[in-house]
1. Can you tell me which residue in region 90-99 is nearest to LEU19 (Cα to Cα), limited to those that are in a loop (DSSP other than H, G, I, E, B) and at pLDDT 90 or above?
2. Filtering region 48-89 down to residues that are closer than 17 Å to LEU36 by Cβ, in a helix (DSSP H, G or I) and polar (S, T, N, Q), which residue is most open to solvent (accessible area, probe 1.4 Å)?
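The values are calculated or read from the model by the stated rules, or taken from the named source; none is laboratory data. Because the structure is predicted, anything quoted here is derived from the model rather than measured. Here the Cβ is made from the backbone with ideal geometry for all residues, glycine too, and neighbour counts use every protein chain on show. With ligands, DNA and RNA removed, areas are computed over all heavy atoms of the protein, side chains included. Shrake-Rupley method; radii C 1.70, N 1.55, O 1.52, S 1.80 Å.
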Amino acid sequence: MKMRRLKQNKYEQRIDAELDLHGYTQAEARSLLLELLDEARDCGYRRLRIVTGKGLHSPDGVGVIKELVENMLTRAGHRFTEGKLNEGGGGVLVVTLTW
């Protein structure tokens, strides 16, 4: 069987790093996100994927990790959007870093 290499969409930007925060407390998630942002700055990363989950298993169905991450990124001046459906949809944030 012949393997084919998938073409990369020239308009789609590469993700430099990913962080999955499922199962972490707010304090742990905050610490991990700060570590990732430090590493990203040191390595010159431009785009990140952060998996926060949708909060479906949280009390009251409210995603506290997602809200925490969004607030931290906003305060730091970084831009983000929810992932596309094939990337995880509302449980994923795609971040464009503004250094």
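1. Here is the first cut: in region 90-99, the ones in a loop (DSSP other than H, G, I, E, B) are 97-99.
So of that shortlist, the ones also at pLDDT 90 or above come out as 97-98.
Details: LEU97: 14, THR98: 18 Å.
My answer is LEU97.
2. Result: THR74.
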